[in-house]
Every structure is written in structure tokens, then in C-alpha cells.
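A.B. asks: A single structure is presented below for examination.
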Ligand code: MN
């Protein structure tokens, strides 16, 4: 793919997200909410969490099920222990990524392994194509040192999924073709990323501010990028910036969500609930 962007996308909308809590009472901001699932297909949810106060995170996310999609957790700071009913266990630490394909179903827990200090990061939900929703669960922990990186003038791009400037990311996926970059920009630095015109894309700024075309995107805002053109170009303000850039190929299939289950029909949701009740998701030992 050509790495020169000549027709950059503009910002369609800025989104502030909804403060909420989930799990056993973890405070977070739901940046990508359910009403945006169709617009940002194949992405179903993006939660941002960040606190220096243990009260906001200490309860964690005890045993709960998932079916029909993938969860991608990216830690900026802190330590979180994952265990699931498929027998996977891992410690997610600052700068690392946990990629879990729930597929036909897992029960897992995500619990802080610290009682003080900062906990910060993101959890993204990525849909699975209908044909893959009942695949076997899959899980991978990617430690910070193993996240591929690309460096340009004043730019560090951490490549969680997809590829940038010839650097292949930690995870690749057919079907949804996700791109997930964590961009660290020095003051005044700029970054370009080619994007297929039909892929849905958004930028979430978590430090400083960026400029995308005519639009300033401040900290803690998500910019939904208009489709079309050949990519995105963003420039950091005078304080530099950090932002995640996420894009993917829409599935254009029905989306039916009930809590931690995302399927294509109501009947499939009823089946998921019955399967959990009957113990068919397995259990955490
Ligand atoms: Mn979970």
C-alpha cells in the first residue's frame, strides 16, 4: 500500500463518551457506546479506564461470560490478571496487550494485581464474522517488549494490529482487518496512515491534542473519521499528543447484543444464555 496520503479524511463527529461503571464497580468511560456499533462496524465497544485511586478499580471484573466477538485490552499503566475457562492465564502489564477471542464462549475474570498506584488502559470489543462466532476460544498475551514499533520524525507508533509503514502488528485478522495503533507524537509532529475508503475508522486522544484537517481533537475525545479518501493525517499540538487510531472492515451483518454476548439473532442470544446456565461455557477452577 502506498504510504502517501493525498486525500485525507475529515472528522465527521467528536464523541465525549459516557462515564459508567462495569464489572464489580470499575469506573470507566464508555467511548464507543452501543448506538455507534453500526457506524463503527466491526467495533462494538471501546472503554477507557484511568485512575490513581484504587477504589475506582480494585473490584475488577470477576467471573463473567463472553460469546461471539474478541476483546482487546491494552494497558498503559498497571497490572491485571486474566484467567479463563479455556485454561488460559496471563498477567497483563503496562504497555502490553491481551487479545482474547471469545468465539463460542469463555468465562473469565480480569482482576487488578495491585492495591495502589495508577491503572490506565483501554478495552476494545471487535466483532467476529457470523461464520466465526462459534469458533474455539483463542487467547494471546503480548508483553510490551513484543509489541512491534515504527519510529518516524517525532513519532512512535506501537502496532497492536494491522500494519503501518511496513511494520506488521502483533495480531492480524482476516475478515475485519483491524488496524490498532498507539501513536506518541512529539510537539508539532505529524503522522499519516493510508486507510481503505470503506473501512470505518476513529481516533481517541488520551494526552495532549491533535489536529485532523480543520478539526482540533482535544484530550479525551474520539473523532469519528468520514469514510472515503485514502487515509488519515494527524498533527500534534504544542504539547505533543498520544492517541489510538483504530480502523477495520465493516462486516455488514446483523448485530444483536445482550450484555456480554454479541450474536446475529435473538435466538442465538437465547441459546447463549441457556448454554451459560447449563454450564456449557465451562468454568473457572
Ligand atoms: Mn470480560
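Where a number appears in this text, it was derived from the coordinates with a stated rule and is not lab data. Small disclaimer: the values here were computed from a predicted structure and weren't measured. Cβ placement follows ideal geometry from the backbone for every residue including glycine, while neighbour counts extend to all protein chains displayed.
A.B. asks: Explain nothing, just the number: relative contact order of the chain, from Cα pairs under 8 Å at least 6 residues apart, as a whole percent. Kindly include the intermediate steps, with their values, before the conclusion.
C.D. replies: Numbers: 801 pairs, mean separation 62.5, N = 285.
Worked out over the chain, it gives 22 percent.
A.B. asks: What percentage of all Cα-Cα pairs in region 213-284 are separated by more than 19 Å?
C.D. replies: Across region 213-284, Cα pairs with separations above 19 Å total 60 percent.
A.B. asks: Please give the direction-averaged projected area of the C-alpha convex hull for region 143-276, in square nanometres with one decimal.
C.D. replies: If you wrap the Cα atoms of region 143-276 in a convex hull and average its projections, you get 9.9 nm².
A.B. asks: Right, here's the next one. If each residue of separation counts as 0.36 nm, what is the full-extension length gain between residue 134 and residue 190 once their alpha-carbon separation is subtracted?
C.D. replies: On the way: separation 56, 0.36 × 56 = 20.16 nm, distance 4.13 nm.
Result for the pair: 16.0 nm of gain on full extension.
A.B. asks: Arrange 108, 88 by Cβ neighbour counts within 10 Å, fewest through most, would you?
C.D. replies: On the way: 108 25, 88 17.
Ascending number of Cβ neighbours within 10 Å: 88, 108.
A.B. asks: Could I ask something else about it? Output needed: percent of Cα pairs per 5 Å distance bin for region 80-172, bins running from 0 to the one holding the longest distance.
C.D. replies: Histogramming region 80-172 at 5 Å steps yields 3, 11, 19, 20, 19, 14, 8, 4, 1 percent.
A.B. asks: Let me ask something else. For region 35-92, what class follows from the C-alpha gyration tensor (a ≥ b ≥ c being the square roots of its eigenvalues): rounded when a/c is under 1.5, otherwise prolate if a/b is larger than b/c, else oblate?
C.D. replies: Taking the square roots of the gyration eigenvalues as a ≥ b ≥ c, region 35-92 is oblate.
A.B. asks: Tell me, what is the percent relative contact order of region 107-255, built from C-alpha pairs under 8 Å that lie six or more residues apart?
C.D. replies: Across region 107-255, relative contact order equals 23 percent.
A.B. asks: Anyone know which of 57, 180, 258 comes out most mobile in the 10 Å Cα GNM of the chain?
C.D. replies: 258
A.B. asks: Now for a different question. Averaging over every viewing direction, what projected area does the convex hull of the Cα atoms of the chain cover, in nm²? Walk me through the intermediate numbers first.
C.D. replies: On the way: hull surface 55.7 nm².
With the hull built on Cα positions only, its mean projection is 13.9 nm².
A.B. asks: Full-extension gain between residue 277 and residue 53, please, as 0.36 nm times their residue separation minus the C-alpha to C-alpha distance.
C.D. replies: Computed gain between residue 277 and residue 53 is 77.1 nm.
A.B. asks: Separation of region 233-267 and region 188-227 by C-alpha centroid, Å?
C.D. replies: Taking the Cα centre of region 188-227 as reference, the centre of region 233-267 is 13 Å away.
A.B. asks: Hey, fewest Cβ within 10 Å first, where do 177, 274 land in order?
C.D. replies: Least crowded to most crowded, the residues run 274, 177.
A.B. asks: Taking 30 Å as R0, compute the FRET efficiency from the Cβ-Cβ separation of residue 153 and residue 79 and round it to 0.05. Could you put the intermediate results ahead of the total?
C.D. replies: Numbers: r = 33 Å, r/R0 = 1.11.
Step by step, r from the Cβ atoms, then E = 0.35.
A.B. asks: I'm checking a number: the convex hull volume of the Cα atoms of region 1-54, normalised per residue, in Å³. What is it?
C.D. replies: 159 Å³
A.B. asks: Rounded if a/c is under 1.5, else prolate if a/b beats b/c, else oblate: with a ≥ b ≥ c from the C-alpha gyration tensor eigenvalues square-rooted, which is region 193-235? Spell out each step's value before the answer.
C.D. replies: On the way: a/c = 2.39, a/b = 1.87, b/c = 1.27.
Here region 193-235 falls in the prolate category.
A.B. asks: Hey, another quick one. Can you pull the one-decimal nm distance between simple spin-label points at residue 220 and residue 285, each 7 Å off the Cα toward Cβ?
C.D. replies: Going from the residue 220 label point to the residue 285 one covers 4.4 nm.
A.B. asks: Here is a further query. Order these by the 10 Å Cβ neighbour count, fewest first: 73, 271.
C.D. replies: Values: 73 20, 271 15.
Taking fewest neighbouring Cβ atoms as first place, the list is 271, 73.
A.B. asks: Stokes-Einstein D for region 100-142 at 37 °C, 0.692 mPa s, Kirkwood Rh over Cα pairs, in µm²/s?
C.D. replies: Estimated diffusion coefficient is 257 µm²/s.
A.B. asks: When the label point is put 7 Å from the Cα of residue 14 along its Cα-to-beta-carbon vector, which residues of region 218-244 have a backbone N closer than 20 Å?
C.D. replies: Correct set: 218-227, 232-244.
A.B. asks: Tell me the angle of helix 266-277 to the major Cα principal axis of the chain, expressed in degrees between 0 and 90 and rounded to the nearest ten.
C.D. replies: Approximately 60 degrees, to the nearest 10.
A.B. asks: Pull out a ≥ b ≥ c, the square roots of the eigenvalues of the alpha-carbon gyration tensor of region 7-152, then state rounded if a/c is under 1.5, prolate if not and a/b is larger than b/c, and oblate in the remaining case.
C.D. replies: Because its axes are fairly even, with a/c under 1.5, region 7-152 counts as rounded.
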